[in-house]
1. Hey, if we sort B:Y112, B:Y270 by accessible area with the 1.4 Å probe, largest down, what's the order?
2. Mind jotting down the three principal axis lengths of the range B:76-139 based on Cα atoms? Whole angstrom, largest first.
3. How far, in degrees from 0 to 90, does helix A:52-66 lean away from the longest principal axis of the Cα atoms of chain A, to the nearest 10?
4. Go ahead and run the numbers for FRET between A:V10 and B:E170, Cβ-Cβ distance against an R0 of 30 Å, rounding to 0.05.
5. So between B:E250 and B:D63, what do we pick up on full extension, going 0.36 nm a residue minus the alpha carbon distance?
6. Would you please give the FRET efficiency between B:N223 and A:I72, computed as 1/(1 + (r/R0)^6) with r the Cβ-Cβ distance and R0 = 35 Å, to the nearest 0.05?
7. Over chain A, what relative contact order in percent results from Cα pairs under 8 Å that are six or more residues apart?
8. A:T59: net charge of surrounding residues, Cβ under 12 Å, Lys/Arg +1, Asp/Glu -1, itself excluded?
Amino acid sequence: MDGTYLDQFVALFETFDVPAAFWVNIKLTFFAALLSLVLGTVLAVMRISPLPSLRWAGTTYVNVFRNTPLTIIIVFCVLGLWGQLGVTLAPDFNENFVRLAILGLAVYHAAFVCEALRSGVNTVPVGQAEAARAIGLGFLSTARLIILPQAFRGAVAPLGNTLIALTKNSTVAAAGSVAEASGLMRTMIEFRSDVVIAIFLTFALGFVLLVIPVGLLTTSLSRRLAVAR
Amino acid sequence: MRRRTVGSAAALAALALTLTACGGSDEPAGGATSEETSAGGGESIRIGIKFDQPGLGFKDGDDFTGFDVDMARAIAEKLGYSEDQIEFVESPSAQRENLLQTGQVDMIFATYSITDARKETVAFAGPYFVAGQDLLVAADDDSISGPEDLEGKNLCSVTGSTSAQRIKDEYAAGTNLLEQPSYAECVTALTSGAVDAVTTDDIILAGLAAQPANEGKVKVVGNPFSEENYGVGLPQDNETCEDINTAITELIEDGTWQQILDDNVGASGYEANEELNPPTVEACA
């Protein structure tokens, strides 16, 4: 093991395209975050709705997906949806796995988004919903105009935590044949086992750089957006 | 999950090293090799194997089976260890160097190919087997007889493996590569028809094909296109390399090697490449 640590890092970055692998994680995180936010909001509305059957469906979804390991969901997307059922989300062979992974990540994290939003709903005083009903608003209008806008502002911090978890969990997409950071790390360890510490540091630092801004941003947002009562 | 834990632990350790200005030192933490000489004695020996490679290194309940495991047992016996002194430890590919350097295992039998990059951090005895990269296909598939026939077909391998990389570099034009966490998933994809072939070393494929669940459904093509020298991974400051080499030579000469091979992967009809096997051991560096 000759040369300094710096030389090892330079050699690694020359041989392997580390930024490209991280870019895949950013893409996975971005699209899965959007999709899970939409799905999670729908689930949260279902869970606070007056209809018992909708509440039951929302609760079941959350309990099933929150308690299923993400790896199993991703592997199922590939071996079950694509392998057995022939579900194809993109004409390109590799892009198909990226989209299947986004689907798996979104389905899993929607359960956590739903629970984060429900915690935000708990910050909204009951009087708000009662007042909305008193002026004649139905459930959906109450949720859309009164409850959710306040709930989102109260749920910024837990939503941020979910986003941070999603960023790190995007590495599980390697189990679904997506060439992202953790897959590249395995390749690098296989070929350059002599500089394994430099490899670990590269990926540890990479994720620190990705995740810290999210944490800082959501913390400051959660302070600024909190509804003063 | 475990990978992340190990990763952060290693990162922390590395950080600590750098902070105490010891960076750059590649000394293994503590001289933890427990065994002294070939005489053995009361000490037990920790041997790293794979737990998930049927036919080679496989944990079946409390039993360990496979070619690597039986070779490890036979060699440990020659070194003076009885059956109950052997402790098998799981050694996934990504952790092999780390396990040896930190003294958590005394030797590794885990389809461990001897390469120059690995020799920078660990030592090897052997080789005790020469495998070659090959293809596993459906039993009724006659359209694939080598890597050239993969044009436009779907191929499965394990994420980060040398085999996947070789296919990408040398035969990738027009080959769709599916990367899975382990070969079990690849065989599932193969038997369901999602992929046309699975690639890795022939003996690993033979082990998979010999599994009762897969018997008759898949076959090894038998046209190896690389040379993988399986060695016994050892810490660099070992004193056992010469003795292990002697033991390997003895096992080959008295027929035990062939017996172990037939017992473990013979059921698939696989026969080791005769030009290269049984191998001649290399001198210890």
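The values are calculated or read from the model by the stated rules, or taken from the named source; none is laboratory data. None of these values were measured; they are calculated from a predicted model. Using ideal geometry, Cβ is built from the backbone for each residue, glycine included, and neighbour counts are taken over all protein chains shown. For accessibility, only protein heavy atoms count, side chains too; no ligands or nucleic acids. Shrake-Rupley method; radii C 1.70, N 1.55, O 1.52, S 1.80 Å.
1. Details: B:Y112 0, B:Y270 30 Å².
Descending order: B:Y270, B:Y112.
2. In descending order, the Cα extents are 41, 30, 20 Å.
3. 20 degrees
4. Working: r = 27 Å, r/R0 = 0.89.
E between A:V10 and B:E170, to the nearest 0.05, is 0.65.
5. Values: separation 187, 0.36 × 187 = 67.32 nm, distance 2.60 nm.
Result for the pair: 64.7 nm of gain on full extension.
6. The formula returns an efficiency of 0.50 here.
7. Values: 248 pairs, mean separation 65.5, N = 229.
For chain A, the relative contact order is 29 percent.
8. On the way: positive: A:R47, A:R55, A:R66, A:R118; negative: A:E115.
Neighbour charge sum, excluding A:T59 itself: +3.
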